There are 4 protein chains.
Amino acid sequence: MTPAGMRPADPVRWPGAATSAASFTFDVDAESAVLSADPGTALRPSVLSHQAYGPLTGLPRLLRVLARHGVRATFFVPGFTAHRHPDAVRAIADGGHEIAHHGYLHETLIGPSGPVDERTEADILDRGLDALAEVAGVRPDGYRAPMWELTHASPRLLAERGFLYDTSLMDADVPYELDAGGGASLVEIPVHWGLDDWEQYCFIPGVSGTGLIESPAKAAGMWRDEFEALRAEGGCFVLTAHPFLSGRPGRAAALEGLIEHVASCPDVWLAPLGDIARHVRSLNLSPRRLPPPPPSGHPSDDDRKGSR
Amino acid sequence: MTPAGMRPADPVRWPGAATSAASFTFDVDAESAVLSADPGTALRPSVLSHQAYGPLTGLPRLLRVLARHGVRATFFVPGFTAHRHPDAVRAIADGGHEIAHHGYLHETLIGPSGPVDERTEADILDRGLDALAEVAGVRPDGYRAPMWELTHASPRLLAERGFLYDTSLMDADVPYELDAGGGASLVEIPVHWGLDDWEQYCFIPGVSGTGLIESPAKAAGMWRDEFEALRAEGGCFVLTAHPFLSGRPGRAAALEGLIEHVASCPDVWLAPLGDIARHVRSLNLSPRRLPPPPPSGHPSDDDRKGSR
Amino acid sequence: MTPAGMRPADPVRWPGAATSAASFTFDVDAESAVLSADPGTALRPSVLSHQAYGPLTGLPRLLRVLARHGVRATFFVPGFTAHRHPDAVRAIADGGHEIAHHGYLHETLIGPSGPVDERTEADILDRGLDALAEVAGVRPDGYRAPMWELTHASPRLLAERGFLYDTSLMDADVPYELDAGGGASLVEIPVHWGLDDWEQYCFIPGVSGTGLIESPAKAAGMWRDEFEALRAEGGCFVLTAHPFLSGRPGRAAALEGLIEHVASCPDVWLAPLGDIARHVRSLNLSPRRLPPPPPSGHPSDDDRKGSR
Amino acid sequence: MTPAGMRPADPVRWPGAATSAASFTFDVDAESAVLSADPGTALRPSVLSHQAYGPLTGLPRLLRVLARHGVRATFFVPGFTAHRHPDAVRAIADGGHEIAHHGYLHETLIGPSGPVDERTEADILDRGLDALAEVAGVRPDGYRAPMWELTHASPRLLAERGFLYDTSLMDADVPYELDAGGGASLVEIPVHWGLDDWEQYCFIPGVSGTGLIESPAKAAGMWRDEFEALRAEGGCFVLTAHPFLSGRPGRAAALEGLIEHVASCPDVWLAPLGDIARHVRSLNLSPRRLPPPPPSGHPSDDDRKGSR
C-alpha cells in the first residue's frame, strides 16, 4: 500500500477562464545569505557590495519592470534585510506587492549534522515576523525556507503562527494542502531548482557557485519553455529570482521579456503567491503529508555511499 | 597479443528492415538515490520531495508521453522504490513497459575503499528481486548497476540469477555477449554519460551536482545528434532518463520531441531493452570479457596522481 | 533608518551628448595570479607558459585590436608583471592606454583566516607603485584589488597614496564617490563577475576553474546584452578581460566585435577609467560609505551554515 | 631588461602557398589516464570500459573519418596503451599517421608535492619508448607530457633521447625552438585547454570532471572559430582530442565537419605535428627558454593565498 501522503497532488481548478497559473517571486536575500553561509564575509566589503546590489540597485529596477507590466509579485524578505534595507522593503509594499517570510539571517535549517532543534527554528520564525512587522507593518501569509530546506517540524511551526502557505517543496506541478499536524494544514506551492536564477547566475567566491555564469538568453529561454509546458498542462509556474542576481541590467531585460509574455496570456492567471494560496484554500483539497522519513534499518555501509 | 576480451564488439544485424536500434530507458531512483548517497537526507523533506516528484508527477507524465507515441520503454526500478511507490510501479507494468532491476536502495557497489564483497552484492540483488516480485509480480530480465558501477563479480552473480542482460558498460556502440564465467554469458547493452539526463539536469544540494542546470533544448539537441550519428552507423541508441529529472514539464516536452522523431524513423528498431537483448541472444555472438584489471606492479607514486 | 552608505548610488550625468559610458579594462595578471594562489606553480613550466601567453602573445594582439578601433583602455598591471615583462608594460603606455595598480604579486587581501593587516596591505600597495614607476614611469590614478577583494582599510590606504579611483565593488551600475575616511574620498567605478572573462574561459588545473570552458560566442553575446541594457539606462559598462585569456585568437576576435560595436554608438562615452573617474569627480557627488560590517551578535551556529 | 626566454615567439613562414598551419592530434590515453590518476579504478569495470571505448570503438571510427578526408594526424600513445591495445596502435601506423610519446601510464610529472625527480621522469620516458618500439616498431619524434605538465628537466631529457619536438606549452600561437640546455633545442608546438576535448566532454565519476557534458555543436563551433582566427593571423591550429571522448558517434560527426572544413582551405597547411616540426627546424629560429621559475623571496603568507 502506498504510505499516506505519497499520492500525487490533485489537479487544481483555476479561477474564471484561467487554465493555469503563474507567479514571479523574488528572494531579497541581500547580505543575509552570505553572512549566514560564512560569517567571515562581514569583513569582505566587495562581497557585501555584491549582495547589497540587490536592495540598492536591482530591486528598484525590478519594481519598475513589474510596474511597467502591471504585475504584482511576491517578495520573500529575511528579517535582516528588513532591518538593513528598510526603505527597499517599504518600496516593495508601496508597489502593491506581497511581502513574505524568508527566515531572519537566511539561516539554513539543516546543516551537516542535521536539522536545528525546534526551539531554534521557532525563534528564527519569530524574529523574522518581528522584523517584518516592525519595518513594513506586515504579517506575512507565506513562508519560503532559506535554501528551500524545511524540517519535519516546519509545517506545524508555521501553522501555529497562522501562516497560510509555504513554498519550499518540489513534488508537484500544482499547489496542494499540506498536513501540518493537529488538524491544521498549509497550502504548499511547489518550486524547483530549474526555475531559480541562483543556478544560472550566482558566483560568490568562497561562498557559492563554481564560477560558471550563464547567459540571460539561456536562462530566460529555459524558463519560458518550462512556462509553456506547465501552461499546457494546467500547472502553476513559480519563478524564483534574486534582486542581487536578476536585478542586473541584462538579466532584468531578459526577465522582462518573460514577464511581458506571461502577462499577455489570457488563459494564465498571473498573481502573487498569497492570492494563489487563498484560491487553493477555497478548493477544500484533502491534505497530503510531508514525504515521511524512510524506515530505518537500511544498510548504510559507508563504502557504498557515493555522490555524483 | 591483445588480451582476451579487449577486441571490439562485432557489428549487430538488426531485425527486418531495421539498420539500427534505439531504446528509451528510465531509472526510477526516487528517494533511493539520495538515501543511499547520504542517509541524512531522510531528515530533509525538501530533498525527499524533489525525489518523490519522480514517481508522483514525472512518471505519470512520461507514461502519457510514451503512450501518445505508442512507444514501449524499459524502467529500472530499485526495490525501495517499489516498496515506497507501488502504485507507480504497477502503472509502469500496466502501460506495457518493461521493468528491470536497479539495486535495492540504489547502492553504489564501489565506494572509496573499493568494491563491496560478493555476499553484500548478492544480498542486494536478491532483495531487489524480492521487491519487484512482491510489488509488481515481475522477474526482471535486465539489470543496470546503480551509478553504472559493476564489480568484477557482477556478471557471474547476474548469470546465476538468470538475468538475460546487463546495461552498465560503455565500451561499444552496439550490444554484445559478455562472458559471465562458467560458460554463461549476459547480453551487454552499452550506455554512456553523454546519453544520461543526470549530467544535464541534476542538482541536489549537498548530494549531487555543482548547481549548473542545462536547458532541455541543449540536452535534447545533443541527444538527437547522437541518435542520428548512431543511426547512420548501425548502432544502438540507449537514452537514460530519470522521472524526477526528465519528468519536469519542459524537459518532458523536449524529450517527447525526440521520442516522436525516433519513433518516426522506419529504419530504426525502437524497442525495450529486453526485446533488444533477446534479439542479440539469438545472434549467437561470441562472448567478450569484462575489461580485465590491469596487471599490478605499476608505479603508483602518490605524487604523480592527478585528476583534472 | 537606513544606515549611512546603504543608499543607492545617484544617477550620473555623462559628458556632452553621451547618455551612458563604457570602458574596456584588462588585468595583466600573467604569472602573478598563479604564483600568488600557489607558489608551487613556479615549478610548473606549462602553467607559467599559460600565464606568460598574456604579455607575450595576447597583449600585443589586444593592443592591435584597440588600435584598429581607436579605443583607449585601462590596464591593471601587478608590479611583478611590470618587473617580469617590462617591454609589454611599456607597449601599453606607448599605445596611449592607461596603466593602473593591481597589487604586486596579485595578492588576495582576504584569505581563509581573514584580511591581511594594514601594514601588509600598505606594503603591497607601495611595492606595486614602485614597480610601475620604475618600469613605466607611471604614477597610477586607479586601483583594482586582486580578486576584487578590498578590505575595510583599503579606501583610506588608497586615498593616503593619492589614488583618484578604485574599481572593485559591485553595488551599483554607475560610479560614485566612496568615503575614504578623514574627509577624503575615492571615485568608485563598479564591476561585476558577469562582465569578467575569467568565469567564461579560465581553467588552470589545480589553481582555478572546474575545467569548463565557454565559447567566445556565448561570452561576447552575454556581454553585449549587458552593454545594451546598461546603455539604455544611463549606466557605465566596465568589461574586465585578461590578456592570457581573452588574448587567444578566437576570443580576441569575439571581443573585437564587441569593441567595434560599442565604439560605434554615438550616445556612449567610451573612455579609460581614469577619464571616467575625473568626470565623476567633477560632479561633486556626495560620498557613500563602504558597506558596513553587520552588527555582531547574530546566531552563528555552525550547523546552520550552508553554501550552495 | 626582459629575462631571456620571455620574448614573444617569432612569426613562422609556412611552406609553399600556405599562410597558416593546422594539425589534428589524438591522445590515446585509454585506461592509462584513470589508472594513473587513481589505481583503484582497476576494480571499476565500468570506468575501464569507458576508457577502453577509445581504442576499441572510437579510434577505428576516427581513423575512418581521417581516411575519408585524406588527413594524416598525430597520435600520442602512452606505453601502457600500446601494451594493452597493440592492434589499435598498429592500426594507427597502418593508416599512415604519426605515433608519438605520451608517457607510460599517463603519469602526471608534477603532483601535490612537486615534480618527480629526474630519474623517475627519465625512466618513464624510456619505458614509453620501449613500448612503442616493441609494439609498433616506432621511434617517435614527438612528445606530449601527460596533462601537458612538463618539468624544468623535461626539455633536456627529451633532447638527450633525440626527440625533435614537444607539444605541451601554451605561450604562443606558433611553434618555436625551445632551448633544451647544452646547445640542444626542441621544436615546441603550443597547445591550449580551449582546443582540447577533455574540458568539453570528460566525465568520469570520482576521477575527472564535474558532471557537465557539453554538446558537440558547441565544442566544434568554438574550435572552428579559433581555427579561423588563427588562420587569419598565420598561426598554427592544434586540436587535441581523445578517442574515448571524441570517438563517440555524435562527437566524431561534429569533428568530421571541422576536419572537412580545415582540409578544404587551400591556404592552410594541414599536417601531422612531425612534419610541422621538421619544417620549423628548417627555419633555424633562435631558441627561446622555458619560462624561468620566478626569483624566490616573495611574500607567501598563506592567508593571502586564494584560488577562484
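The values are calculated or read from the model by the stated rules, or taken from the named source; none is laboratory data. Please read all numbers here as calculations on a predicted model, not as lab measurements. Positions of Cβ are generated from backbone atoms using ideal geometry, with glycine treated the same way; all protein chains shown enter the neighbour counts. Keep in mind that these areas ignore ligands, DNA and RNA; they rest on the heavy atoms of the full protein, side chains included. Shrake-Rupley method; radii C 1.70, N 1.55, O 1.52, S 1.80 Å.
List of remarks:
- Each other copy holds its own label point for B:Gly181; taking that point as 7 Å from Cα along Cα to Cβ, the gaps run 5.0, 5.1, 7.2 nm, nearest first.
- Calculated FRET efficiency, A:Arg13 to B:Asp87, Cβ-Cβ distance, R0 = 22 Å: about 0.40 to the nearest 0.05.
- Counting, for every residue in D:187-198, the Cβ atoms of other protein chains within 10 Å of its Cβ and taking the mean gives 4.
- Whole-percent carbon and sulfur share, accessible surface of chain C, 1.4 Å: 51
- Rotation relating B and D, chain D residue nearest the axis via C-beta, angstrom: D:Thr210, 4
- Beta bridges per DSSP with both ends in the protein assembly as shown, % antiparallel, nearest 5: 25
- Given in Å, the Rg to one decimal and the Dmax to the nearest whole number for the Cα atoms of region A:6-49 are 20.0, 53.
- With the largest listed first and rounded to whole Å, the semi-axes of the equivalent ellipsoid of region A:225-292 from the Cα gyration tensor are 27, 16, 12.
- Mean Cβ neighbour count within 10 Å, used as a protection proxy, ranking D:127-134, C:283-290 highest first: D:127-134, C:283-290
- Copy-to-copy label distances for A:Pro293, where each label lies 7 Å from Cα along Cα-to-Cβ, are 3.8, 3.8, 5.4 nm in order of increasing length.
- Take each residue of peptide A:200-208, count the partner chain Cβ atoms within 10 Å of its Cβ, and average: the result is 5.
- What region A:155-308 shows is 29 Å² of accessible area per residue, with the surface traced by a 1.4 Å probe over protein heavy atoms.
- Rounded to the nearest 10 Å², the accessible area of C:Leu43 at probe 1.4 Å: 80
- Taking only the alpha carbons of region A:69-198, we obtain Rg and Dmax values of 14.4, 45 Å in that order.
- Debye-sum result for chain A in log10 I(q)/I(0), which assumes one identical scatterer on each alpha carbon, at q = 0.06, 0.15, 0.16 Å⁻¹: -0.19, -1.27, -1.44
- Other protein chain Cβ atoms within 10 Å, averaged over every residue that makes up C:57-63: 2
- Ordering B:57-63, C:156-162 by mean Cβ neighbour count within 10 Å, with the highest value first, yields B:57-63, C:156-162.
- Nearest-0.05 FRET efficiency for B:Asp267 and C:Arg278, computed from C-beta distance (R0 56 Å): 0.20
- Dipole check for the protein assembly as shown: with +1 at the C-beta of Lys and Arg, -1 at the C-beta of Asp and Glu, and the Cα centre as origin, the magnitude is about 1720 Debye.
- Amide hydrogen proximity for A:Ile99: with H placed 1.01 Å from N in the peptide plane, the residues at 5 or more positions away or on another chain lying under 5 Å are A:Phe75.
- Note on region C:118-190: along the principal axes its Cα atoms extend 34, 24, 23 Å, ordered by decreasing extent.
- Summed buried accessible area for B+A [probe radius 1.4 Å, Å², rounded to 100]: 4600
- Ranking D:Leu239, D:Tyr143, D:Ala91 by how far each Cα lies toward the positive end of the dipole of chain D (charges on Cβ) leaves D:Ala91 at the top.
- Whole-percent pair-distance distribution, where bins are 10 Å wide, for the alpha carbons of the protein assembly as shown: 2, 10, 18, 22, 21, 17, 9, 2, 0
- In the assembly of identical copies, A:Asp126 has its label point, taken 7 Å from Cα in the direction of the beta carbon, separated from the corresponding points by 5.5, 5.5, 7.7 nm (ascending, one decimal).
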